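So the structure is just underneath, and the comments pick up after that.
The values are calculated or read from the model by the stated rules, or taken from the named source; none is laboratory data. Everything numeric here is computed off the predicted structure, so don't read it as measured data. In this analysis, Cβ positions are derived from the backbone assuming ideal geometry, glycine residues included, and neighbour counts consider all displayed protein chains. The area values use the complete protein model at the heavy-atom level, side chains included, leaving out ligands, DNA and RNA. Shrake-Rupley method; radii C 1.70, N 1.55, O 1.52, S 1.80 Å.
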Amino acid sequence: MGNPQQILEVFRAELSVADDQAKLRELRVRFLGKKSELKNALKNLREIPAEQRADFAKQLNDIQSTVERELSERESTARARELAQTLEAEWVDIELPGVITERGARHPVHAVEDRCLAVLRQLGFEVATGPEVESPFYNFDALNIPPHHPARDMQDTFWVQGDLVLRSHTSTIQARTLEKRPELPIKLAAPGRVYRNEAVDATHLAMFHQLEGFWVEQGLTFAHLKGILSFVAGSLYENRKFRFKPKFYPYTEPSIGLDIACLNCSGDGCEACHQAGWVTIIGAGMIHPKIMKNFGYTEPGVRGIAFGWGTTRMTSQWLGLSRAKSLYEQDMRFLGSLRRRPG
């Protein structure tokens, strides 16, 4: 059995060179653990002569207390030292300006789309979506666009494999909805991408965003259509003057367009209105009787209204852009400049 005093001397020698918490944990196990010399000595006290046993046990207990105290003191010092080192290494002056990563933002076209939908929701319209790859039936035939119509030419439409087309307007959602014959009234707004096989320039794109609204119910009249268009124009363009004018669309009869006053027109060289003083923003009309009949809406008094506009063009107008193409070029410098604009 080892001498208690020798155990203490060995412990202190090793403690003097233990300079981190890991080494101190090893010392604790070696000198205070279940298999340490001190624990074994206490277990084997019966081997000590009876007259020496009490004194020997007292020495062991005193040394164990000393080891525990000195080890705890050294562990406390080591923890404080390591914490100070960590704080020194990770120190940050919180008074200095930080490096801030800019937050993302809604794309301008989607922001405008959301604003338009918010206006239509006030009138009870719900949002509807549909596929972008369509059959010619939903894109043309169901909407009173016959085979000889110019829009069905290759120069205006993207045809894909399987005699399908990339939809050229969101009116396809109107056709799909009417085909299902939902319960009246039907009041839906259909936003989304559309595709036209056109030459790309500053104001024309092969892909852009559009939004259409349509309403089918008993007793609708042309006055309802004008009322909706007036509310939409007033909500989106506030105090801008607007006017109605006759138009032609194969899927509405009668058809009208809504113009707003061009604020940028200076008399010459205005690209927005071509010196006309007015810019068309919405095309609309009563849903063509042939379309209503084709989908079985033959009840007396049941009529429909439809209206739509290009949210890409509207975004360009609101941002004062001369090139709508810039909205889709994924140039972060350009999009970042839009994000910082007021309004």
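Odds and ends about this structure:
- Scanning region 284-343 for residues that are open to solvent by 90 Å² or more (accessible area, probe 1.4 Å), at pLDDT 80 or above and under 24 Å from Ala118 (Cα atoms) turns up just one, Arg313.
- Those residues of region 205-255 which are touching a Phe, Trp or Tyr at 6+ places or on another chain (Cβ under 6 Å) and over 29 Å from Tyr297 (Cβ atoms), in sequence order: Met207
- Ala223 being in a helix (DSSP H, G or I) and either among the acidic types (Asp, Glu) or surrounded by fewer than 20 Cβ atoms within 10 Å (Cβ to Cβ) (or both): yes
- Residue in region 53-68 that is modelled with pLDDT of 75 or more, open to solvent by 90 Å² or more (accessible area, probe 1.4 Å) and under 60 Å from the mean Cα position of the chain (by Cα) present: no
- Whether a residue is closer than 30 Å to His209 by Cβ and under 60 Å from the mean Cα position of the chain (by Cα) was assessed, and Val99 does not pass this test.
- Some residue of region 9-20 being among the acidic types (Asp, Glu) and either part of a loop (DSSP other than H, G, I, E, B) or modelled with pLDDT under 75 (or both): yes
- Check on His224, touching a helix residue (DSSP H, G or I) at 6+ places or on another chain (Cβ under 8 Å), of a type outside the set (Ser, Thr, Tyr) and closer than 21 Å to Glu126 by Cα: no
- Helices (runs of 4 or more DSSP H) fully within region 102-207 counting 2 or more residues that are surrounded by fewer than 16 Cβ atoms within 10 Å (Cβ to Cβ): 108-121, 171-180
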